[in-house]
Each structure stands twice: as structure tokens, then as C-alpha cells.
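Single-structure report; data block below.
Read-outs: derived from the displayed coordinates by stated rules, not from any lab. Since the structure is predicted, the reported quantities are computational estimates derived from the model, not experimental observations. Reconstructed Cβ throughout: ideal geometry from the backbone, glycine too, with neighbour counts over all protein chains shown.
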Amino acid sequence: MSAKKVQRKKKFASQSFSEAWTSKIAAGISGEFERASLAADFICSRTKLRPHVALVLGSGLGAFADEFANATKIPYAEIPYFPRSTAIGHAGRLVIGKVGAVPLAAMQGRVHLYEGYSAKQVVFPMRVFARMGVKAVILTNAAGGIKREFTQGRLVVIGDHINLQGVNPLTGTNDERFGLRFPDMTTTYDKRFREIAVAEGNRLGVRLHEGVYAALAGPSYETPAEIRYLRTIGADLVGMSTIPEVIAARHSGMRVLGISCVTNAAAGILDQPLNHLEVLETAERVKGQFISLLRAVIPRIVEAMA
Ligand code: HPA
């Protein structure tokens, strides 16, 4: 075939592909389950890999996915119904590829309530992962350290959480195809996964502690009085994300590991104001450690799920 013909054939193939998806989307998909299924089908049409583990890489922590082999990168804007991240430090791209023998799906950046998204929109990617057959999610975030030993640069395994965002992504009619009306939250953060993370951290010389993560809606940082209140009620870390995704993931029966990178001491602990640049700079500084930890933890998580 001549080069011109090959080019024409390629153009036609990509045109008919996108037309097919446009008409599917335009057909008017009514429910969240159907929308998530369509988005999952779209993603699976772009790659042969079928990951059982997905990651959400928080503020400044996206670099891990740049190392994936055989990577397919899909901007969120191309995925049907996917929310688009607007926050600085969030690339807004889904990367599917392999680390060693393990196929993974990783979100380089998430969306937050403070961007104006509803809790349901925030957790849509979790719904899509569930429809793709993902069985475990690793959620990461940048957080302020409330507990005194959770100083800047520490990595902390989330042991439990306190939802102070004022919303729950499961509010409204429950779709039993996703999960139960009243999901149990007693063992939200998988015990075995937490043990693996701590053990692998120790092996790498990265001492990981466990802590309770509290999420507020943001986007303003907390006041010193709010931090004193959070400490009193048992929070060790504070942030503006993760909890909605964790709730949806557990609702759909996915196992969860949460890791926070302490990017700053929470408000009022040090005699200085907080800013987002510091958050990104700290995340950049611990990037190497964070990537090594994920590289070590993932194969062991896969082993634990077998
Ligand atoms: N507060 C809330 N969210 C955050 C913080 C904080 O101190 N640091 C990083 N994300």
C-alpha cells in the first residue's frame, strides 16, 4: 500500500473510532453506573492492559506514573464524563502502564470539592475503576501535620479518617450494583496493606508512622483554632481530599491503602503562614522516597490479593 493510502486509512480509522464514541455519549446515558461503565469501556479500548490496582497521585506526587513501561496516557478531558482537574500540581491525566510485571492505572492528579465539583463527580473515577475490574486503590495526598512528630517531608500511612467535609458521595439513591446502602467503615484502610507499607518502608529506611487523616472542604487552610480542635478530636493529619474517594472505593468493595506526604506543619504549629508553593516544594523533595516506597509496596499488595 502507498504511504498516502496508509495515511488515509489511519485517518479514517481514528475518525470512525471517535465518531462511534461521540454517538455512544450522545445517546444519553442516564445513570452513574452506566456512565462509569461507558468510561471504563472507553479506557479499555485504549489499552490491552487490565490493571487490578489503581493509584491516585496527589499534589506534586504524579511523577511515579512517568516511570510506567508501555504507558498509555489519556487526558481526563478525553474520557467520557470524567471530571477535569484544575488544581496546580495536578496534571489531569490517566496513565495505564506497567511497573515490573504489574499493570497499573494511575491518576496524575485528582479533582476536589473546593474546585466546585460535587462529591459524586469527585468519586466518578473510583466508579470507573470499579467497572474496569480494579480490586485495590492506593490513594495519596499532601497533608498538614497535626501530630508533632509528623514533620515536613514525613510519609504517613492513613489508619483511619474523620470526614469533616460536610458531604458524603453516597448521598442520594443507592445503586446496589455499586454496593450496599450502608457500607461498613470499621476497617476502611486495609490492615494487611498498611502492614506491607510499614514493613517495606522499614526495609528502605523510610520510617512510616500511622495516623488519622481529617479532611475539610477547603480551599482556605485551617485556622490555628481549627487545628487545636482537630487534634482534640483525634486527627493527626489534615487535608482537603481522599475521603470521598475512599468511601466510594469501599462502597464498591475495593481494598484501600492511603499514604499522606506531610508537606507542612498544620496551621499555628510553627510561627509562619502556609502556602501551596511550600506544599508542592515538599512533595517534590520527597518524590524519590515516595516512588521507591510505591515500587516496593505494589508487588506485595498484588501478592496479598492473590
Ligand atoms: N491543610 C489542608 N490541606 C493541606 C495542608 C494543610 O495544612 N497541607 C497540604 N494540604
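What is the Cα centroid distance between segment 33-98 and segment 219-236, reported in whole angstrom?
32
Kirkwood Rh over alpha-carbon pairs of segment 161-201, then Stokes-Einstein at 25 °C and 0.890 mPa s: what D in µm² s⁻¹, rounded to an integer?
Numbers: Rh = 12.9 Å.
Reported coefficient: 190 µm²/s.
So what's the back-of-envelope 222 nm ellipticity for the chain, counting only DSSP H runs of four-plus at -39500 (n - 2.57) apiece and dividing by all residues, rounded to 500?
Counting only the DSSP helices, I get -12000 deg cm²/dmol.
Please give the charge dipole size of segment 31-305, origin at the Cα centre, charges +1 on K and R Cβ atoms and -1 on D and E Cβ atoms. Round to the nearest 20 debye.
Dipole size: approximately 680 debye.
Efficiency by 1/(1 + (r/R0)^6): what FRET value for Y114 and T171, r their Cβ-Cβ distance, R0 = 22 Å, to the nearest 0.05? Could you put the intermediate results ahead of the total?
Values: r = 18 Å, r/R0 = 0.82.
Result of the calculation: an efficiency of 0.75.
How are the Cα pair distances of segment 141-294 distributed, in percent, across 10 Å bins from 0?
Taking all Cα pairs of segment 141-294, the binned fractions are 11, 39, 34, 15, 2 percent.
Using the structure shown, list the pairs from K73/K120; K98/K135; K120/K147; K48/K73; K135/K191 with a Cα-Cα distance above 21 Å, or answer none.
Correct reply: K73/K120; K120/K147.
Using the basic label-point model (7 angstrom from Cα toward the beta carbon), what is the R192 to F33 distance in nanometres?
2.8
Students often get this wrong: which residues of segment 149-167 have the backbone nitrogen under 20 Å from the point 7 angstrom along Cα-to-C-beta of R207?
149-159
Any idea what Rg and Dmax come out to for segment 31-305 if you just take the C-alpha atoms, in Å?
Values for segment 31-305 (Cα only, Rg and Dmax): 17.3, 52 Å.
Rank these for me by crowding, D184, D175, going from fewest to most other beta carbons within 10 Å. Walk me through the intermediate numbers first.
Details: D184 8, D175 16.
So the residues, fewest neighbours to most, are D184, D175.
What percent antiparallel are the DSSP beta bridges of the chain, to the nearest 5?
Looking only at bridges with both residues in the chain, the antiparallel portion is about 35 percent.
Grab the beta carbon distance between R84 and C44, set R0 = 22 Å, and tell me the FRET efficiency rounded to 0.05.
The value I calculate is 0.60.
Using mean Cβ contacts within 10 Å as the protection proxy, how do 158-165, 54-61 order, highest first?
The packing order, highest mean first, is 54-61, 158-165.
Between L180 and Q272, what length in nm is gained on full extension when 0.36 nm per residue of separation is reduced by their alpha carbon distance?
On the way: separation 92, 0.36 × 92 = 33.12 nm, distance 4.50 nm.
Difference between extended and current length: 28.6 nm.
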